[in-house]
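Presented below is the structure to which this report refers.
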Amino acid sequence: MEKIGFGVLGAGMISGIHADALRKSEKGKLVAICDVRTENAQKLADEYAPDAKVYSDFDQMLADPAVQVVNIVTPNHLHTQFVLKAAAAGKHVL
């Protein structure tokens, strides 16, 4: 069974918990990380998913067909805009 591809938006405090859970998952895989600070996204990828693509543009991550689910881990007041954008792109959202 092929694993479900997850993208994480936000490489701040809580992102490591999500990335670690995906690393341990039998059904999901972290395939992409997006943060406006590319170096933060790359650091998260290096630690938890070296094969994950790194993005600084959310629209580019949404265009990645490997990303089936998006974990929104930005500050709470930013969730709505990103959830709506991900849903409009046909992605599942956490």
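The values are calculated or read from the model by the stated rules, or taken from the named source; none is laboratory data. In this text the structure is predicted, and so the values were computed from the model without any measurement. Cβ: placed from backbone, ideal geometry, glycine included. Neighbour counts: every protein chain shown. Protein only, heavy atoms only, side chains kept; ligands, DNA and RNA dropped before computing areas. Shrake-Rupley method; radii C 1.70, N 1.55, O 1.52, S 1.80 Å.
Some notes on this structure:
- Some residue of segment 21-28 being in contact with a helix residue (DSSP H, G or I) (Cβ under 7 Å, 6 or more places away or on another chain) and either loosely packed, with under 13 Cβ neighbours inside 10 Å or among the small types (G, A, S) (or both): yes
- Residue-level check: of (1) open to solvent by 60 Å² or more (accessible area, probe 1.4 Å); (2) within 15 Å of L22 (Cα to Cα), P75 misses just (2).
- Qualifying residue in segment 81-90 (condition: at positive phi, open to solvent by 20 Å² or more (accessible area, probe 1.4 Å) and small (G, A, S)): yes
- Flag for E39 being in a loop (DSSP other than H, G, I, E, B) and exposed (fewer than 12 other Cβ atoms within 10 Å of the Cβ): no
- Cβ-Cβ under 8 Å pairs, at least 6 apart or on other chains, segment 64-80 side closer than 14 Å to C34 by Cα and part of a strand (DSSP E or B), far side of a type in the set (F, W, Y) and open to solvent by 10 Å² or more (accessible area, probe 1.4 Å): V69/F6; V70/F6; V70/F82; N71/F6; I72/F82
- Residues in segment 1-20 that are more than 16 Å from T74 (Cα to Cα) and surrounded by fewer than 17 Cβ atoms within 10 Å (Cβ to Cβ): M1, E2, K3, I4, D20.
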